[in-house]
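The values are calculated or read from the model by the stated rules, or taken from the named source; none is laboratory data. Bear in mind the structure is a predicted one, so any value in this text is a computation, not a measurement. Cβ coordinates were reconstructed from backbone atoms using ideal geometry, including for glycine residues, and neighbour counts include every protein chain displayed.
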Amino acid sequence: MCRLLAITSKNHVSPALAINGLAAMREGYDGSGVGMLLRDLGGPFKNMSDIPVLSGIFSSSGLKRLDRFMMEKGFTTKYKITFKTNGEPPAGVPKRDVYLVRAYDYPNDWESLGAQDRLKQLMPIRLELKKMGEAEKDMAVFSFWPDTIMIKEVGDPVAVANYLQLDRGNLSARVVLLQGRQNTNHQIDLYACHPFFLEGFATMTNGENTAFHQNREFLMSRGFDGYGGYTSDSEVFTHSLHYFVSFLGLGLECYKHGITPLTDDSIKAHTDAAFLTHLKYACRNLIIDGPNCVIGCLPDTTLFMVQDRKKLRPGVVGSVDGTVVLASEICGLDAVIPQRDKHQDFQPMHLDTVIVRPTHRSVKVVRQTDPLLAN
């Protein structure tokens, strides 16, 4: 099993805080990889929230190709972090030339575009860079989106964090998603490290999606370029979340109804029976078969946690004074917010969706048996 930890806080926090929480759960992952997503950035990025940030790993030649590519597109560098590593790579971590986080000003000829039109141009650029990197094996681009940093590496999470010195002062965020990976693929792939990210939507998963093939085929049939890749069976959770919210215009409470619908008898007794019946059968190929625990983030940095019907993967939520932590294990909460009232911890069951909005950062629980309009 993997281990998951997410923090949403009224204050900007260091990634090191999340690493400490993941370290407490170290018996739940094998050290084969780590992924971290930072949103609502602090430090030097705090006043750059409306411009795109590129995150990735590059060889020296790949970095030159990136620079030429971005210059030809009209992007200019606003700010960058080049990670100065701490000595030799830890065991299992390949030698890399450049770990890069770079914020770009938009091209001048984009000035006439509205905010949403600008955002629509970013995903194709990321996919083009990813394709370039796969062809030459000289770059891996994880995200290209405003107010977003994505860090991925193979190896032990704590060792990687120390190596990259993630406790640096210019790296902080109000929202952090972090996964310690248990490798279940035939080979370790950078892109297979969670979280996964698409146009502001992100998820990470502890579990196995045995309905992966039907989920993937349905999504790829939608004709949207962002639904592809799939180096991990868990990536479909991000894309199905994007599909339900962005394409279908549904609220977050409907995501659970889409991936783990109620039984037909339970739907018949539901206030919104007609709608839920239609959703279940129209999106039947997005129904998952776990076990899975999923933690995710929306474009507005709302966090959530859901379980599938098997409920065989742990998950717990705790909070204190404007900080909410979602984790695989209670010891993860203890490491991050030990001063909380532990009697208020909540472990969601298979009907629950835990929702934490950035506006007030309090825990809301929505059950699939609740009327949708009441949510």
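Brief remarks follow.
This table checks each residue for (1) buried (at least 24 other Cβ atoms within 10 Å of the Cβ); (2) farther than 18 Å from residue 103 by Cα.
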{"site": "126", "(1), (2)": "no, no"}
{"site": "170", "(1), (2)": "no, no"}
{"site": "179", "(1), (2)": "yes, yes"}
{"site": "197", "(1), (2)": "yes, no"}
{"site": "223", "(1), (2)": "no, yes"}
{"site": "226", "(1), (2)": "no, yes"}
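- Note on the range 96-126: residues that are of a type in the set (S, T, N, Q) and in a loop (DSSP other than H, G, I, E, B) total 1.
- From the options 49, 112, 32, 55, residue that is over 26 Å from residue 154 (Cβ atoms), hydroxyl-bearing (Ser, Thr, Tyr) and in contact with a strand residue (DSSP E or B) (Cβ under 7 Å, 6 or more places away or on another chain): 49
- Which listed residue, of 130, 152, is among the basic types (Lys, Arg), within 25 Å of residue 70 (Cβ to Cβ) and in a strand (DSSP E or B): 152
- Inside the range 228-279, residues that are more than 22 Å from residue 191 (Cβ to Cβ), under 29 Å from the mean Cα position of the chain (by Cα), of a type in the set (Gly, Ala, Ser) and surrounded by fewer than 17 Cβ atoms within 10 Å (Cβ to Cβ) make up a count of 2.
- Filter pass, residue 81 being closer than 20 Å to residue 172 by Cβ, of a type outside the set (D, E, K, R), assigned to a strand (DSSP E or B) and at pLDDT below 95: yes
- Subset tally (residues that are of a type in the set (A, V, I, L, M, F, W, C) and in a helix (DSSP H, G or I)) for the range 31-62: 2
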